[in-house]
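Inspection log for the structure reproduced underneath, given as structure tokens.
The values are calculated or read from the model by the stated rules, or taken from the named source; none is laboratory data. Quick caveat, the model's predicted, so the values are computed rather than measured. Cβ atoms come from the backbone with ideal geometry, glycine included; neighbour counts cover every protein chain shown. When the accessible area is computed, the model is the full protein with side chains, heavy atoms only, and any ligands, DNA or RNA have been set aside. Shrake-Rupley method; radii C 1.70, N 1.55, O 1.52, S 1.80 Å.
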Amino acid sequence: MAFKDLREFIELLERENQLVRVKQEVDWNLEAGAIIRRAYELQERASLFEKVKDAPGCRMMGGPCGTYARMALAMGMSAEASVKEIADEFDSRIQNKIKPMLVSTGSCKENILKGNDIDLFKFGAPMAHDGDGGRYINTWGFIVTRDMEDTGWVNWGMYRQMIHTKNMMGGLILPGQDIGRMYQKYEKANKPMPFATVIGGDPICTIGGSLSAGPGESEADLAGGLRKSPVELVKCETVDIEVPSDAELVIEGHVLPKVRVEEGPFGEYTGFRTSPRAPRPVYEVTCITHRNNPILTVSNMGTPVDEADIVMTLAWRNEAARALKTLPVVEVAMPAYGSGHLVVVSVQRAYSGVAVHVANAIWGSKLGYLVPMVIVVDDDVDVFNLGEVVHAVSTKCHPVRGVHSRPNTPGHALYPFLSFEERKWGRAANLLLDCTWPVGWDPNIEIPPKASFVNIYPKDVQEKVLGNWNKYGF
Ligand SMILES: Cc1cc2nc3c(=O)[nH]c(=O)nc-3n(C[C@H](O)[C@H](O)[C@H](O)COP(=O)(O)O)c2cc1C
Ligand SMILES: [Mn+2]
């Protein structure tokens with residue numbers, strides 16, 4: 001049931017009326033980015049640009065998984081699947097890792113470019129947002145690297161790449177990310193770090209690349225679990241790295257030690273351009289392999305909802321649920337509109353301070369420097385329903401007792417609410433909104449009854465109304 005490649009996914013999107021084929025020429029310089037951005041904001045279909053200016057023979061796909069419907073389709077689920085169904089399915093599949101398998105060749109080898117034939121500019125890479133530092137060829141792809149020591153650890157990670165020259169790219173390699181951990185070792189030994197950037201292929205592989213299996217573990221196994229079958233890999237031409245055999249575009253080369261060139265900024269997943277232009281590591285390209293008429297997949301991050309909001313909240317909701325395993329938690333949600341900053345948790349009113357306990361557990365996990373906001377509600381609130389969550393915040397959160405501000409917490413440079421100086425150090429603050437009725441409030445006197453259908457009517461009246469619902473004419 002897994003897709004062999006991106007093109008099978010595109011066929012399905014077309015059958016499901018989830019894709020627009022754009023036949024007229026589109027400019028890589030802002031026009032394509034603006035179309036993709038507006039489409040997200042209207043929750044419109046994905047786009048396939050069949051003619052990209054200055055990129056004969058190349059195509060671009062915008063917003064491949066930018067709605068929950070397309071995310072569900074990528075996972076082989078119904079386009080109508082609810083966010084909770086997708087999230088639960090995602091959680092259960094990534095527990096079941098499946099190792100990739102090596103095959104001898106694949107369609108990614110249809111064209112092999114080396115030496116003077118290497119030209120990163122010819123694939124139509126977009127200037128995605130006005131104000132970006134350059135043309136980003138990798139916005140929805142992942143980079144494969146191998147641990148320098150012979151540990152067998154192979155990492156897949158989604159880290160942006162901007163074109164510097166025909167055969168040079170730059171990108172954000174943070175020391176806390178797995179690629180950063182690997183790069184630090186190579187750089188210390190003054191050795192170039194082999195890499196391969198993978199664009200296109202089964203959309204699940206790209207989603208897998210945006211997850212974190214943790215140091216020593218490979219996201220390829222998570223992708224296998226997510227697609228319920230092993231990813232098929234082929235060997236690269238010029239580096240000792242393997243990549244999905246039916247990728248649209250593979251860029252091979254080395255990250256140079258002790259070289260930095262200015263890169264960025266880029267419109268970010270928080271919906272703001274917070275990261276400044278700065279000297280960052282350089283990827284030198286030794287080979288490009290690609291399919292005939294390659295399709296460059298583009299995610300144009302910004303205000304929600306786009307791929308980053310969907311994928312990060314799926315992955316981090318899983319992380320939060322694991323951190324909360326021993327607490328009296330009923331359900332966990334991360335609304336995509338929270339840009340990855342917000343977790344909503346419903347609890348049983350088991351003991352006083354349970355909301356603080358929940359928030360501390362989340363902030364005590366890896367999410368401590370990623371997720372500054374926690375909302376805790378009683379278990380009569382559907383945490384996947386933003387309307388119900390807003391209602392709980394507005395009516396149950398005491399403006400003083402319910403608000404728990406935490407200064408001096410870790411955060412990162414992209415939190416838009418931090419000052420410039422605070423961003424530099426990731427010197428952040430967190431917020432918990434406790435929207436639970438205090439333990440000890442008498443349910444008959446102090447807790448006001450909730451005036452909703454299931455709460456305010458006796459069971460027999462509810463049953464009668466439900467039984468007659470169609471007869472009333474509804
Ligand atoms: C569209 C998108 C773009 C991303 N770009 C970057 C990036 O440029 N640099 C980065 O460090 N993380 C980026 N991320 C986040 C990482 O992919 C994510 O943290 C991943 O889990 C890291 O994997 P790792 O633990 O193997 O390093 C991006 C995520 C998405 C969804
Ligand atoms: Mn990793």
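See the values below:
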item	result
Tabulated pairs, the range 375-404, first more than 18 Å from residue 359 (Cβ to Cβ), second among the β-branched types (Val, Ile, Thr), C-beta under 6 angstrom, 6+ apart or interchain	384/83; 388/381
Selection within the range 303-316 - more than 25 Å from residue 251 (Cβ to Cβ) and open to solvent by 10 Å² or more (accessible area, probe 1.4 Å)	303, 304, 305, 316
Residue 112, sole failed condition from (1) at pLDDT 95 or above; (2) touching a strand residue (DSSP E or B) at 6+ places or on another chain (Cβ under 7 Å); (3) within 30 Å of residue 321 (Cβ to Cβ)	(3)
Criterion: open to solvent by 30 Å² or more (accessible area, probe 1.4 Å) and closer than 21 Å to residue 298 by Cβ - qualifying residue of 168, 148, 162	168
Pick from the range 309-335, criterion without any contact (Cβ under 8 Å) to a residue 60 or more places away in the chain and under 17 Å from the mean Cα position of the chain (by Cα), ranking: nearest to residue 414 (Cα to Cα)	309
Selection status of residue 188, in the same structural domain as residue 263 (by TED's automatic domain parsing), more than 15 Å from ligand 1 (Cβ to nearest atom), open to solvent by 40 Å² or more (accessible area, probe 1.4 Å) and touching a residue at least 40 places away in the same chain (Cβ under 8 Å)	no
Residue selected from the range 124-145 under the condition under 15 Å from residue 299 (Cα atoms) and of a type in the set (A, V, I, L, M, F, W, C), by the criterion nearest to ligand 1 (Cβ to nearest atom)	140
Every pair of residues 6+ apart whose Cβ atoms lie under 7 Å, when the first sits in the range 166-180 and is touching a residue at least 12 places away in the same chain (Cβ under 8 Å) while the second is open to solvent by 40 Å² or more (accessible area, probe 1.4 Å) and away from ligand 2 (no atom under 16 Å from the Cβ)	166/121; 167/284; 168/284; 170/164; 170/261
Filter pass, residue 278 being of a type in the set (A, V, I, L, M) and either assigned by TED's automatic domain parsing to the domain that holds residue 164 or more than 24 Å from the chain's Cα centre (by Cα) (or both)	yes
Of the criteria (1) part of a loop (DSSP other than H, G, I, E, B); (2) basic (Lys, Arg); (3) open to solvent by less than 80 Å² (accessible area, probe 1.4 Å), which one residue 84 fails	(1)
Filter result for residue 356 (assigned to a helix (DSSP H, G or I) and in contact with a His (Cβ under 8 Å, 6 or more places away or on another chain))	yes
Residue match in the range 89-109 (condition: farther than 24 Å from residue 234 by Cα, assigned to a loop (DSSP other than H, G, I, E, B) and either open to solvent by less than 50 Å² (accessible area, probe 1.4 Å) or not polar (S, T, N, Q) (or both))	no
Conditions (1) under 29 Å from residue 67 (Cβ atoms); (2) within 13 Å of ligand 2 (Cβ to nearest atom); number of the one not met by residue 162	(2)
One residue from 15, 37, 45, 21 being free of Cβ contacts under 8 Å to residues at least 24 places away in the same chain, over 19 Å from residue 247 (Cβ atoms), in the same structural domain as residue 163 (by TED's automatic domain parsing) and of a type in the set (Lys, Arg)	15
Pairs where the first residue, in the range 254-269, is in contact (Cβ under 8 Å) with a residue 40 or more places away in the chain and β-branched (Val, Ile, Thr) and the second is surrounded by 15 or more Cβ atoms within 10 Å (Cβ to Cβ) and assigned to a loop (DSSP other than H, G, I, E, B), C-beta under 7 Å, 6+ apart	255/192; 255/281
Hits in the range 405-432 (condition: surrounded by 10 or more Cβ atoms within 10 Å (Cβ to Cβ) and either touching a residue at least 60 places away in the same chain (Cβ under 8 Å) or in a loop (DSSP other than H, G, I, E, B) (or both))	411, 412, 413, 414, 415, 416, 417, 418, 423, 426, 430, 432
Residue list for the range 165-201, restricted to those being within 16 Å of ligand 2 (Cβ to nearest atom), of a type in the set (Val, Ile, Thr) and under 19 Å from residue 243 (Cα atoms)	179, 197, 198
Complete set of residues in the range 191-229 that are open to solvent by 10 Å² or more (accessible area, probe 1.4 Å), charged (D, E, K, R) and away from ligand 1 (no atom under 15 Å from the Cβ)	191, 227, 228
Residue pairs meeting the criteria (Cβ under 6 Å; at least 6 apart or on separate chains; first of a type in the set (A, V, I, L, M, F, W, C), in the range 142-158; second open to solvent by 60 Å² or more (accessible area, probe 1.4 Å) and not in a loop (DSSP other than H, G, I, E, B))	148/185; 154/146
